[in-house]
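These notes are about the structure you will find just below.
The values are calculated or read from the model by the stated rules, or taken from the named source; none is laboratory data. This is a predicted model, so every value here is computed, not measured. Methodologically, a virtual Cβ is constructed for each residue, glycine included, from the backbone with ideal geometry; neighbour enumeration extends over all protein chains shown. All accessible areas refer to the heavy atoms of the entire protein, side chains included, with ligands and DNA or RNA removed. Shrake-Rupley method; radii C 1.70, N 1.55, O 1.52, S 1.80 Å.
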Amino acid sequence: MTTIQPDLRKKKRFERLTDAQLLTIISGTIFVVMYLIAVLSIEEFKKPQVLFDITNYYSYLIIIACALTIVMVGGGINISVGGVICLTCMVCTMFMKDSGIEDPTLLLWATFGVAIAIGAAFGAFQGALISFLEIQPFIITLGGMFLARGLTTILSGGKNVTLPDDNPFAKWMAELEIKIPELGTQRIRKGKVFINPAVLNWVTIIAIAVVVIIYLVMRFTKFGRNTYAIGGNQQSAQMLGINVKQTRFNTYLLSGVLSGLAGFVFMMFNGAGGKTGIGLRFEMDAIAASIIGGTLLSGGVGNVIGSFFGAMILGTLQKIIWFSGLQEAYWQDMANGVMLGIFIVMQSVVLGVRGKGKISLPFAKGKASLEKG
Amino acid sequence: MPNMENQAVLTMRGICKQFPGTKALNNVDFTLRKGEIHALMGENGAGKSTLIKVLTGVYGKDAGSIWVDGTEGEARIHSPQDAQNIGISTVYQEITLCPNLSVAENMFIGRTKGPFVNWWSRNKRTTEILESLNIPARARQELSQCSLAVQQMVAIARAVDMNCKVLILDEPTSSLDEHEVEMLFGLMRDLRDRGVGIIFVTHFLEQVYAVSDRITVLRNGELVGEWPVAELPQVELVARMMGKDLDDMVDLDAVGEKSVGSDETVYEAVGLSSTECKPFDFQIHKGEVNGFTGLLGSGRSESVRAIFGADRVTGGMVMVKGQHAVINKPYRAMKKGIGYLPEDRKRDGIVADLSVRENIILALQVMKGFFHPMSRDEMEAFADEYIKALQIKTASQETPIGSLSGGNQQKVILARWLLTHPDYLILDEPTRGIDVGTKLEIQRLVLKLAEEGMSVTFISSEIEEMLRTCSRLIVMRDRNIVGELTGDQLTQGQIMRTIAGGEQ
Amino acid sequence: MKKIKNSLGALTMPLVALGVLLLFNLIRCIVTGSWSFYEISIATDEKGSVLTGNLISIIDSASALVILAMGMTLVTAACGGQDISVGAVGAIAGAFFVIMMHPQKEVQMSTLTSVAWPNVILGVVVAIIAAVIFCLFNGVLVAYFKIQPMIATLILFSCGRSIAYYFLYQALGVGSIKLDDPIIFAIGKTIPGVPIPTSIFVVILVGLLMWLIFKRTNLRLYTQAVGINQKAAQLNGINPVMVKLLSFVMLGVCVAVAAIVKSTSLSTLTTKSLMDSFEMDAILAVAIGANNLGGGKFRLGGSILGAYTIQTLTTTLNAMEVSSDSMKFYKAIVIIVIMVAGSPVVRNWIVSLGNKIKMTTRAARVKEVE
């Protein structure tokens, strides 16, 4: 009798996928396809170690991509993550050198605490201005970026700070590595078999853990769903009784904490200490990863699994370019640009075909009316 | 609801609310009983929405008291949350749910305590509620995949599940078609029988009589009175709302002489189609007022959009004043002397942040071309002329149009098109969401324009309005023209029969 | 009179910000007893006499940013977002400018000398065309594909400088080139015999051109209508796609001119660093100028004042001998203070405070009368 019920039942499985799911699936598929093509065509990619290298090196990117995804889902933007990473590296290095804490375990945790505290402070500061004073997030986080970089220079006097050679964590971190001989390479020399095991660094574990935890938080907690709600429709969210300001504040706080964590991971993995040039353009890489992963800047759509794939796509692309012999830096940038362009246009077209995006292609409508008739 | 006690669930006494410049509410009383549907009526600016916003905590009140059944003493409502907590829920005209969340999430978000949510039990509970209220949606479905009516019903289900005692429905039917409205009324009656007090705000008089038990009328921020539906006939209701005597209301029936027009064809289309509508034939004569009618979604708006070139035109031949014309975008239509007042004023009509002056001259300016801006004096003169002619109530020409009331916004858009002196003016729902007085003014204006030789297409969801103004009605169903009525055929019954058509 | 008052009202924020900065310098001058910040003197050397002083230097160094801010304002208003690739596109335009000026293409050179006027003009024209083409690429993504400007321009942001490097390297075999020529000196610094920096004339020229365009066309009305309500604009015969593309074309011209001004005044062109982080400064200028970054109504004057405010801040910090890297810190603080002061919440609070004061004084007066 009603016209709505049969309509509803008829919808196929494909139609039931939400935009967010579809975009995530696309980015995941493209990552897998891209990697498979690389494995088939480039000799080096046959080693599993290459995959681990990517996750190890880009662990910081995976983490800040999550940070950006949270903020973007809530309808905001945060371009201070690179600056915060830079500041965290500097302060943590200085702290490790000068704190006077002897016990390495204690020192490690204290440093970790410092990193998180810096990130949280920045997140809270920016979040407060953006949500409670309703200032445009782009400008405030731009200010945050300048603030972090300026502070780095002031604290260090413009000099690079390096960790002491007897870095107490070098051994520690080596122990934390996960060696997987089965995936390693074998060399037989003089009748002996040398196994060069594949190495999965601990930073990868942290990055993956962050992805999983943030995914669960965004999917199953009140905070996560509130974030989707305010990104989807802020007025509605307010009417539904969600504390919009508090939720928005929390997204910035969380993204600040994750930036601090990313800074810690970056410093520990690279062991580079503090430099004023660290983290330049990291925010844009993170935004690119989020977008490739299917997060929309307009808010309400996206998830961190997609952003993980986004970061991996960017990382894999760099490796492919590198192994293809195009080793000038500008090729990498250009490849990034082209990749990003393809993804952005593709998303726009895909959403358009589904009749929800902003481009309406003629055949999309025709299909809908056919189904009805 | 036979044996329901006549016990008040909500009592508002002496509510006052002052805005800079106006007294929005002056000593208003309102009583809502358990298990009744109570229509809150009044023209735009009468204070309905202010009263509701005070009740839901969006505005604070300046004076007066509110009691809610089950709450000790006076209810303290300082925010929408407070209102929700004491059992007052509101469903607004614009759906205030989050389209990117699932139905179940929309039902429960913002009401859960603690950081974690058991979505499994939520989904189960949602399914139960949806089934018990007969709402055709699934718990795990994304809300944006549901039709507007279903979204509206989900919003109501949410309110119901929060054990609300008072349910406010603010213009819930304005974007629903007749069938959907019936579904909604079914749900409302069901809830009434369960003892919920419902405040129903609408501009559609018939709907008030179809579903309400009691009517409260406000005018200029003051209470006019409260009546059981049976004791207040429709004409009297309108009189109370407008503050006029019954005698003045004769006007309502005869706005003016209908205009049939001359033989000269101003616009003719053969097989015109767009991405949104099927091919159709249409013509209109000089000085004629015709109308497109049909249920919402029957293709009436889509057809006039095709005439104006607002959607992508896919085929057909168009003659304007006997000459071939290609109209594939609004600019070409405007150049050919066609004007179009869109259905959705907020979305397609006003440019909210621009001033009344800029909104009035916009279309004329565009027609003059990119390289021929009008002088400031010229613009002001035009704006002034039309503000006076249409009696637009605005503080000044430079007031942003967004801050005007709905009726005055509509008049500005009307002025915009009159200023271009079109030969053929399309008015799609010009009277939607505006008060009765302005509705009449617009209807009179349409007839006057036709008398002066303008051809007008007039579309309205209120059939009486169309009967009063149009000399020819084109009836549409499922995106096809199914009939054309003129002269004696122009009766409600005939229209209904044509719309219902061969379905039996 | 009322009109002037209205337009001043909208420009309160940038005017106050600029005023406070100048006041701060005044106080600083009084405290230190040295008036060097406000001194304008004439320096004479073999190339002629030139006006010098901090105020002149503010106006001179802000030129590129002012020009860029004008273009950015238009794009912001029409598209409701910002172009973050302007720095990179500027590098591309600069690269083409230099390539076209270079007399012999085959010779690898790290310094460009002895250019001829026809080549310079060709360079300017080609630079503008190149910048317009790349901006149009952004424009097409934004207008046709309906991608948010920031995302669409992220593409050129990440690879624009590499494209510039690629062209310059292919043509001249270098990634950075010094410009040392009297003609370039005349463009970038001063024309011999004229004591005022040339860039000031360029700004005035671009400003006049903009004013003329706004006077002679409906650009302002169209842009605002599209920025506020695209659907309504479309139904009134405006083509939103064309308006958006037009705003990107104008941005392209601004970017090219800014790149030429910047590279000639620095006497060097490095594709990696020309107009570095200019996109951020330009967006800041638009925001400080009290324009809504979400599009719609705009005030060019606000953005221009915003750009001068940013430069005044930089020059002030320079005069206080703050190092260029730690300058970011103070800059950030000033920006945040400006944005907080201009935020709707704080502004409402100030207005209501003002009303309260008015009310109490009025009440007091009434009492007195009684």
Item to check | Meets criteria (under 27 Å from the mean Cα position of the chain (by Cα), buried (at least 20 other Cβ atoms within 10 Å of the Cβ) and outside any helix (DSSP H, G or I)) for B:Val351 | outcome: yes
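Yes/no per residue for (1) touching a helix residue (DSSP H, G or I) at 6+ places or on another chain (Cβ under 7 Å); (2) within 12 Å of chain A (Cβ to nearest Cβ); (3) part of a helix (DSSP H, G or I):
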{"residue": "C:Gly90", "(1), (2), (3)": "yes, no, yes"}
{"residue": "C:Val124", "(1), (2), (3)": "yes, no, yes"}
{"residue": "C:Ile133", "(1), (2), (3)": "no, no, yes"}
{"residue": "C:Leu136", "(1), (2), (3)": "yes, no, yes"}
{"residue": "C:Val140", "(1), (2), (3)": "no, yes, yes"}
{"residue": "C:Lys146", "(1), (2), (3)": "yes, yes, no"}
{"residue": "C:Thr153", "(1), (2), (3)": "yes, yes, yes"}
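Any chance the range A:255-277 includes a residue that's within 14 Å of chain B (Cβ to nearest Cβ) and within 13 Å of the chain's Cα centre (by Cα)?
Checked against the condition, which is being within 14 Å of chain B (Cβ to nearest Cβ) and within 13 Å of the chain's Cα centre (by Cα), the range A:255-277 yields no hits at all.
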Item to check | Residues that are part of a helix (DSSP H, G or I) and open to solvent by 20 Å² or more (accessible area, probe 1.4 Å), drawn from the range A:229-240 | outcome: A:Gly232, A:Gln234, A:Gln235, A:Gln238, A:Met239
Checklist entry - Which members of the range B:454-472 meet the condition of being out of contact with any Phe, Trp or Tyr (no Cβ under 9 Å at 6 or more places or on another chain) and open to solvent by 10 Å² or more (accessible area, probe 1.4 Å)? => result B:Ile463, B:Glu464, B:Leu467, B:Arg468, B:Ser471, B:Arg472
Next on the checklist: If I ask for residues that are touching a residue at least 40 places away in the same chain (Cβ under 8 Å), open to solvent by 50 Å² or more (accessible area, probe 1.4 Å) and not small (Gly, Ala, Ser), which ones from the range C:166-194 would you list?
Outcome noted: C:Phe167, C:Lys178, C:Asp180, C:Phe185, C:Lys189, C:Pro192
Next on the checklist: Kindly evaluate C:Gly94 against the criterion of being more than 30 Å from C:Ala341 (Cα to Cα) and touching a residue at least 12 places away in the same chain (Cβ under 8 Å).
Outcome noted: yes
Checklist outcome for this item: Only one of C:Glu279, C:Glu321 is within 12 Å of chain A (Cβ to nearest Cβ) and among the acidic types (Asp, Glu), namely C:Glu279
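With respect to A:Arg225, determine if the residue is surrounded by fewer than 20 Cβ atoms within 10 Å (Cβ to Cβ) and either facing another protein chain (nearest Cβ under 10 Å) or touching a strand residue (DSSP E or B) at 6+ places or on another chain (Cβ under 8 Å) (or both).
no
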Checklist entry - Restricting attention to the range B:145-165, and to residues there that are within 14 Å of chain A (Cβ to nearest Cβ) and part of a loop (DSSP other than H, G, I, E, B), which single residue is nearest to B:Asp193 (Cα to Cα)? => result B:Cys164
Checklist entry - Can you name every residue in the range A:77-87 that is under 12 Å from A:Tyr252 (Cβ atoms) and more than 12 Å from chain C (Cβ to nearest Cβ)? => result A:Asn78, A:Val81, A:Val84
Next on the checklist: If a residue must be in a loop (DSSP other than H, G, I, E, B) and open to solvent by 40 Å² or more (accessible area, probe 1.4 Å), how many such residues does the range B:64-86 contain?
Outcome noted: 8
Checklist entry - Among C:Leu284, C:Leu300, which is under 30 Å from C:Ser162 (Cβ atoms) and either open to solvent by 50 Å² or more (accessible area, probe 1.4 Å) or at pLDDT 90 or above (or both)? => result C:Leu284
Next on the checklist: So, in the range A:254-291, how many residues would count as being over 10 Å from A:Tyr60 (Cβ atoms) and open to solvent by 20 Å² or more (accessible area, probe 1.4 Å)?
Outcome noted: 9
Item to check | All positions within the range B:87-104 that are farther than 22 Å from B:Ser174 by Cα, facing chain A (nearest Cβ under 7 Å) and open to solvent by 10 Å² or more (accessible area, probe 1.4 Å) | outcome: B:Asn100
Checklist outcome for this item: For the range B:123-138 the number of residues that are of a type in the set (Gly, Ala, Ser) and either under 25 Å from the mean Cα position of the chain (by Cα) or more than 21 Å from B:Asp190 (Cα to Cα) (or both) is 0
Item to check | Output for the range B:166-207, where each listed residue is under 15 Å from B:Ile37 (Cα atoms), part of a loop (DSSP other than H, G, I, E, B) and touching a Lys or Arg at 6+ places or on another chain (Cβ under 8 Å) | outcome: B:Gly195, B:Val196
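Per-residue answers, yes or no, for (1) closer than 30 Å to B:Val54 by Cβ; (2) at pLDDT 75 or above; (3) within 14 Å of chain A (Cβ to nearest Cβ); (4) in contact with a helix residue (DSSP H, G or I) (Cβ under 6 Å, 6 or more places away or on another chain):
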{"residue": "B:Val224", "(1), (2), (3), (4)": "yes, yes, no, yes"}
{"residue": "B:Leu246", "(1), (2), (3), (4)": "no, no, no, yes"}
{"residue": "B:Ala269", "(1), (2), (3), (4)": "no, yes, no, no"}
{"residue": "B:Arg312", "(1), (2), (3), (4)": "no, yes, yes, no"}
{"residue": "B:Gly315", "(1), (2), (3), (4)": "no, yes, yes, no"}
Checklist entry - A:Phe132 passes all but one of (1) facing another protein chain (nearest Cβ under 9 Å); (2) modelled with pLDDT of 90 or more; (3) open to solvent by less than 50 Å² (accessible area, probe 1.4 Å); which number fails? => result (3)
Next on the checklist: So, B:Glu142, is that one touching a helix residue (DSSP H, G or I) at 6+ places or on another chain (Cβ under 7 Å), facing another protein chain (nearest Cβ under 9 Å), surrounded by 19 or more Cβ atoms within 10 Å (Cβ to Cβ) and charged (D, E, K, R) or not?
Outcome noted: no
Checklist entry - Going through the range A:335-356 one residue at a time, which ones are more than 7 Å from chain C (Cβ to nearest Cβ) and either open to solvent by less than 40 Å² (accessible area, probe 1.4 Å) or part of a helix (DSSP H, G or I) (or both)? => result A:Ala335, A:Val338, A:Met339, A:Ile342, A:Phe343, A:Met346, A:Gln347, A:Val349, A:Val350, A:Leu351, A:Gly352, A:Val353
Checklist entry - Got a sec? Which of C:Ser343, C:Ser326 is within 14 Å of chain A (Cβ to nearest Cβ), surrounded by fewer than 21 Cβ atoms within 10 Å (Cβ to Cβ) and of a type outside the set (A, V, I, L, M)? => result C:Ser343
Item to check | Unmet requirement for B:Lys61, which otherwise passes all of (1) open to solvent by 30 Å² or more (accessible area, probe 1.4 Å); (2) within 13 Å of chain A (Cβ to nearest Cβ); (3) over 30 Å from A:Asp19 (Cβ atoms); (4) not hydrophobic (A, V, I, L, M, F, W, C) | outcome: (2)
Checklist entry - Within the range B:364-381, is there a residue that is within 12 Å of chain C (Cβ to nearest Cβ), crowded, with 23+ Cβ neighbours inside 10 Å and in contact (Cβ under 8 Å) with a residue 60 or more places away in the chain? => result no
Checklist outcome for this item: Pairs returned, first residue in the range C:218-230 that is more than 7 Å from chain B (Cβ to nearest Cβ), second residue that is aromatic (Phe, Trp, Tyr) and part of a helix (DSSP H, G or I), beta-carbon separation under 8 angstrom, 6 or more apart or interchain, are C:Arg220/C:Phe214
Checklist entry - Taking the condition part of a loop (DSSP other than H, G, I, E, B) and in the same structural domain as B:Phe458 (by TED's automatic domain parsing), does B:Val366 pass? => result no
